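Accompanying notes for the structure given below.
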Amino acid sequence: MRTEIQTGKKVFPRTVSFLLALLMLLGAMSTVGCGKEQVEEPSTVTDAPEETDNYQKDNLPDTLNYEGREFCTLYWNGAPFVEFEPEENATNALSQSVYERNDNVENRLNVVLTWRGIDGDNSHQTKFITYLESTIGSNLHEYDLVASYSMCAGAMAMRGYSVDLMSTDYFDYEQPWWPNELTSQAVVNNKLYFASGDISTNLLWNMYAVFYNKDLMEKLGITDNMATLVKNYQWDWDTMLSLSKDVYVDLDTIPGKSLGDQFGFGIYRVYADALFYGSGFRTVETDSATGELILSPTFGSGDVQSLIVEMLDYFETDDAWYDNGEGWSTKDYFVNDQFLFDLRPLYYAPQVIFAQDTKKEVNFGVLPVPMYYSDQGKYYTSVGFPYSIYSLPIDAKDISCSSAVLECLASEGYRKTTPVVFEQTMKLRYSEDDVVSAMFDVIRENLTFDLGRLFCSSFNKGAYSNATYYLFRTVAIAGNNPNWISIYKGEEGAMADVLDDIYTKLK
């Protein structure tokens, strides 16, 4: 179903629309493990956010009361942005919004939220899973909710440590804080073992989008009708290539193209996945007849082959810069008017564009990742791996309570933390620019969840580990290898075997 992009004054479907004011938290906060959270209430709060009837509300009963019980969440250390507990003594808007979200959950459900963080990012996945085995696997009833690095959630489900969310009392997948396609793409045999969405600030920050430089566009004499192109579903691969053509300027006079020059488009190797998913391709699907997991017919298709060939050809031209190095996330080439289009996670805005040491201001917009075909009729947003996926542990003391807290955290995050992410991305309050707000909605509402990506760490039976993303990103694109069909066929049997394992363990 298409997301309607309205440029007039109205409430957007599945959208919050309100005025967000900064709140100052002047109290000190401290946490003792997963014991009782010691929080000093803020002594001064100014300009509290104004809530309106435009907010989508959840369906949790007003009568829910868990009598002040402690509710402990295990989370992964190393998340790039604050998500679980507000930073101690922080006065920034994001920390404040996390505080308010948590406070609302505690007051509505009469629970005391406590938190315990352990190492669990990309380089500590094994450590995190090993710890789960020693707690949840031993049925110790220590944790009521688990927020893991995205790659760990699948491993947790495979070990039988996660509850089917669809069977719980309060998880409501039809609500806007859970992405539209979560249930259609992450369900196995009518069961859903994990979820993410507005509950994870890091998911929002890691959504891939295309930044475009309005100042450079004006300088080049290109009419800025990007919002219209997106609205009319004309923002596709060919359109981007056309707009970025002949933008190249040799600024540094070094022979050949270099990072001192001006380009129509820039991308880092890790972000290439976004073009695969933005084209509507998948690695894994559910067989509609049997319910079994199968490799998506799109994965090994000639269409992917065509995209790869076109990407590799494009990256060879002066129109584009493909970077295969390190440290790309903090580079300021876009800020310095060297890229017309730059495919990035949204966190690039607060970390680089609005960084205090940025030498100049840049007038920019954000767009969804372009469609591959003009008749695709839908945009797709994929996400970088450093975000949280939430699971209910099988040994939680009260599954019904865990379900209620999960739903409430997501619901309150939708109204409290998501608008702050928008404001810090665009430096606009949510309701100040309907066009920009609508563009942000298109990106957020079209989040895509591919089981092959979510379970990527299990795909290691063939020649490559993490095959479901490694084949496209690294073997084909970074390896400058256009022979996609051959690459895919070499791993197809091993990947199919992994899918059989996953389906057997999760059904």
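The values are calculated or read from the model by the stated rules, or taken from the named source; none is laboratory data. Quantities reported herein were computed from a predicted structural model and do not represent experimental measurements. Neighbour counts run over all protein chains shown; Cβ positions are idealised from the backbone, glycine included.
Things to note:
- Of all the numbered requirements in (1) assigned to a loop (DSSP other than H, G, I, E, B); (2) closer than 25 Å to Phe81 by Cβ, Tyr170 misses one, and that requirement is (2).
- Only one of Asp238, Asp261, Asp246 that is of a type in the set (D, E, K, R), in contact (Cβ under 8 Å) with a residue 40 or more places away in the chain and either touching a Phe, Trp or Tyr at 6+ places or on another chain (Cβ under 6 Å) or closer than 26 Å to Ser382 by Cβ (or both): Asp238
- Remark: pairs (first residue in the range 68-79, at positive phi; second residue assigned to a strand (DSSP E or B); Cβ separation under 9 Å; 6+ apart in sequence or on different chains) = Gly68/Val111; Gly68/Val112; Gly78/Gly117; Gly78/Asp119; Gly78/Tyr149.
- Of the residues Gly413, Gly452, the single one that is touching a residue at least 40 places away in the same chain (Cβ under 8 Å), surrounded by 18 or more Cβ atoms within 10 Å (Cβ to Cβ) and under 30 Å from Val112 (Cβ atoms) is Gly413.
- Selection status of Ala438, small (Gly, Ala, Ser), over 30 Å from Tyr233 (Cα atoms) and out of contact with any Gly (no Cβ under 9 Å at 6 or more places or on another chain): no
- Helices (runs of 4 or more DSSP H) fully within the range 396-455 that include at least 3 residues being in the same structural domain as Asp164 (by TED's automatic domain parsing) and farther than 29 Å from Phe276 by Cβ: 399-416, 418-426.
- Members of the range 461-507 that are in a loop (DSSP other than H, G, I, E, B), over 24 Å from the mean Cα position of the chain (by Cα) and either assigned by TED's automatic domain parsing to the domain that holds Ala153 or modelled with pLDDT of 95 or more (or both): Lys461, Gly462, Ala463, Tyr464, Gly479, Asn480, Asn481, Pro482, Asn483
- Restricted to the range 89-161, the set of helices (runs of 4 or more DSSP H) holding at least 2 residues that are among the charged types (D, E, K, R) comprises 93-109, 125-135.
- Just one of (1) modelled with pLDDT of 95 or more; (2) within 18 Å of Leu343 (Cα to Cα) fails for Leu259. It is (1).
- Only strands (runs of 3 or more DSSP E) whose full extent lies in the range 313-378 are considered here, and none of them has at least 2 residues that are modelled with pLDDT of 95 or more, loosely packed, with under 15 Cβ neighbours inside 10 Å and on the phi > 0 side of the Ramachandran plot.
Let's see how each residue does on (1) among the aliphatic types (A, V, I, L, M); (2) more than 30 Å from Thr63 (Cα to Cα):
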site	(1), (2)
Val369	yes, yes
Tyr380	no, yes
Thr418	no, no
Phe422	no, yes
Met439	yes, yes
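- Restricting Val352, Val335, Val304 to those that are of a type in the set (Val, Ile, Thr) and under 26 Å from Asp238 (Cβ atoms) reduces the list to Val304.
- Residues (buried (at least 18 other Cβ atoms within 10 Å of the Cβ) and of a type in the set (Ser, Thr, Tyr)) located in the range 92-134: Ser95, Ser97, Tyr99, Thr114
- Within the range 232-253, being surrounded by 14 or more Cβ atoms within 10 Å (Cβ to Cβ) and either at pLDDT below 95 or among the hydroxyl-bearing types (Ser, Thr, Tyr) (or both) holds for Tyr233, Thr239, Ser244, Tyr248.
- Test result for Ser148, touching a residue at least 60 places away in the same chain (Cβ under 8 Å) and closer than 26 Å to Glu423 by Cβ: no
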